[in-house]
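Written below as structure tokens is the structure these notes are about.
Every number here is computed from the coordinates shown, using simple stated rules; none is lab data. As the structure is a prediction and not an experimental result, all values here were calculated from the model. Counting neighbours? That spans all protein chains shown, and the Cβs are built from the backbone with ideal geometry, glycine included.
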Amino acid sequence: MSDLDSPDRIAEIRQIIERKKPLRRFYQETYERYHDCLGRCPEEGIVLELGSGGGFIKEVIPVAVTSDVLPYEGVDMVVDAMKMPFADSSVRAIFMSNVFHHIPDVNAFFKEAIRCLKPGGRILIMDQYCGWVSTFIYRYVHHEGFDPNLSTWKFESTGPLGGANGALACMVFQRDLKMFQSQYALNMVSFRPHSPFRYWWVGGLKSWSLLPDWLDPFARWLDRALIRVSRQFASFVDIELVK
């Protein structure tokens with residue numbers, strides 16, 4: 001876990017994203033959804049990405065402020081999602097990809113997000129989804145923690161990346177949705193599960209991949225076809241919130 005939480009890994013992470021073209025397209029598609037969401041946000045204010053890591057959001061949204069809880073080289077700011085260094089009502093959009101399930105106290109995050117967001121500002125969360133196949137992967141194969149049966153949204157963190165509960169998004173926005181709606185001045189405007197298998201075939205941020213570039217169009221088609229059959233095939237979900 002200490003290796004996972006080392007900021008020295010950033011060069012390796014960026015090399016993996018650039019080398020594995022299907023993985024880079026996966027990121028590109030996420031950024032394009034960010035861009036679409038930004039069009040629904042106020043015109044003025046900060047555009048913040050939490051957990052930028054080795055990504056390339058600025059290629060799609062040049063005005064985005066990149067941040068991470070680790071001091072990665074090339075990231076604009078070091079930001080803790082539970083204590084953000086921004087003025088009240090100064091942020092128009094918060095974007096986060098595979099970050100939400102690493103936040104050990106999402107109550108603190110929601111309070112900070114509400115404080116920082118402008119009226120009409122939005123949060124777009126891309127995170128893990130508890131589907132038929134993905135639940136088995138997250139529980140028994142993936143290296144991160146996964147426990148959908150916890151009674152609380154909090155968990156003990158062993159590090160910024162080492163600590164996680166991969167079931168957190170489904171717990172908050174499905175199992176406990178009424179509680180979320182009663183506690184926070186945020187409305188959930190969409191909950192869209194997607195991407196059953198492509199991310200796993202490409203190996204994520206591991207060094208290996210089972211998905212050659214020439215097969216990626218078929219993998220994308222298959223993912224879309226499976227979601228049309230049932231969203232329970234999904235491994236990830238996009239959640240859009242508005243203040």
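Here R220 and D88 are evaluated by their C-beta separation; at R0 = 30 Å the FRET efficiency comes out at 0.15. Taking the Cα centre of the stretch 1-49 as reference, the dipole from Cβ charges on Lys and Arg (+1) and Asp and Glu (-1) amounts to some 380 debye. The ranking of H194, H142, H101 by Cβ neighbour count inside 10 Å, starting from the fewest, reads H142, H194, H101. Entry note, the chain: the mean residue ellipticity at 222 nm calculated from DSSP H runs of n ≥ 4, each adding -39500 (n - 2.57), is -8500 deg cm²/dmol after division by the residues and rounding to the nearest 500. Taking the Cα centre of the chain as reference, the dipole from Cβ charges on Lys and Arg (+1) and Asp and Glu (-1) amounts to some 800 debye.
Which trypsin sites (Lys or Arg not before Pro) does the stretch 1-100 hold that lie in a coil by DSSP with at most 15 other beta carbons within 10 Å?
Those that pass, being in a loop and sparsely packed, are R40.
Extension gain, E29-R175: 0.36 nm per intervening residue step, less the Cα-Cα distance, totals 49.8 nm.
List V60, V237, V229 from most exposed to least, where exposure is judged by having the fewest other Cβ atoms within 10 Å.
With the sparsest Cβ surroundings first, the list reads V229, V60, V237.
Spatially, the stretch 90-126 and the stretch 128-158 are offset by 20 Å when compared through their Cα centroids. This ranking places L70, L150, L117 by how few other beta-carbon atoms lie within 10 Å of each, fewest first, which gives L150, L70, L117. By the Cβ rule of 4.7 Å, the chain holds the following cysteines without a possible disulfide partner: C37, C41, C116. Under 19 Å of direct C-alpha separation, and excluding same-chain neighbours fewer than eight residues apart, K118 reaches these lysines: K83, K243.
Applying 1/(1 + (r/R0)^6) with R0 = 22 Å to the Cβ-Cβ distance of R228 and F136, what FRET efficiency is obtained, to the nearest 0.05?
0.50
Across the stretch 182-222, the volume of the C-alpha convex hull divided among the residues equals 117 Å³ per residue.
Placing R0 at 22 angstrom, the Cβ-Cβ distance between E59 and Q15 gives a FRET efficiency of 0.85 after rounding to 0.05. For the stretch 7-242, place one equal point scatterer on every Cα, skip the solvent, and apply the Debye formula. What is log10 of I(q)/I(0) at q = 0.08, 0.12, 0.17, 0.18 Å⁻¹? Here log10 of I(q) over I(0) equals -0.28, -0.65, -1.44, -1.63.
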